[in-house]
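Got a structure for you, questions after.
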Amino acid sequence: MARYPERFPPSRAARGYAAGLVLALVFTVAGCTVAPPVGPSMSADPSDSPSTTPSPDPSSPAAEPELVPDGNAYDNLPLFTAVTERVWASPDRVAGRAYVDALVAAGFDKSAMEVTADLTTIGNPVESIQFSVLWGQQCLVGQVGPTTGDPVTVVMPVVPEDGCLIGETRAIDW
């Protein structure tokens, strides 16, 4: 390894720049690695062989999620998400009432729901709408709006006031 004369050691900036280039190269190469093949195992053990169950027909429609009344919030998240995505794809995508009504039609309890306002205090459309369904000690929470991008649905714990949304919500009185 070459040594620099004491008069001209590499500067800290140059060493930092070089280190940054090395890290960038490592991450670039790591991103180009080949993934292992996906498929049946080449094991000689017959118990490792793939099952003979036929795979679902890709041309058949996927089963629609259903309400699981005796389940928990995670069991009902697929239906909550499907309903949210359906409303988001409709002309009523920024109307909180549309989400509440669609969730009720899917079997969720309206009295367990919360929703935020569609308009600001000066009458402009809000940047996002949140809505929720209290399910035991868990909450199904959705967020949609122009600043949200794709709809977001999650399961969250109940907040201390025994609700799901923090902040001001509007009355669901229809």
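The values are calculated or read from the model by the stated rules, or taken from the named source; none is laboratory data. Here the structure is a predicted model, which is why all the values come from computation and not from measurement. No Cβ is skipped: glycine too gets one built from the backbone with ideal geometry, and neighbour counts run over all protein chains shown.
Pick out the one residue from PRO151, PRO125 that is surrounded by 10 or more Cβ atoms within 10 Å (Cβ to Cβ) and either among the hydroxyl-bearing types (Ser, Thr, Tyr) or closer than 23 Å to ASN72 by Cβ (or both).
It is PRO151.
Also: Would you mention how many residues in the range 120-136 are in a loop (DSSP other than H, G, I, E, B) and among the hydrophobic types (A, V, I, L, M, F, W, C)?
So the answer is 2.
If I filter the range 58-69 for residues that are modelled with pLDDT of 95 or more, in a helix (DSSP H, G or I) and over 16 Å from GLN130 (Cα atoms), do I get at least one hit?
no
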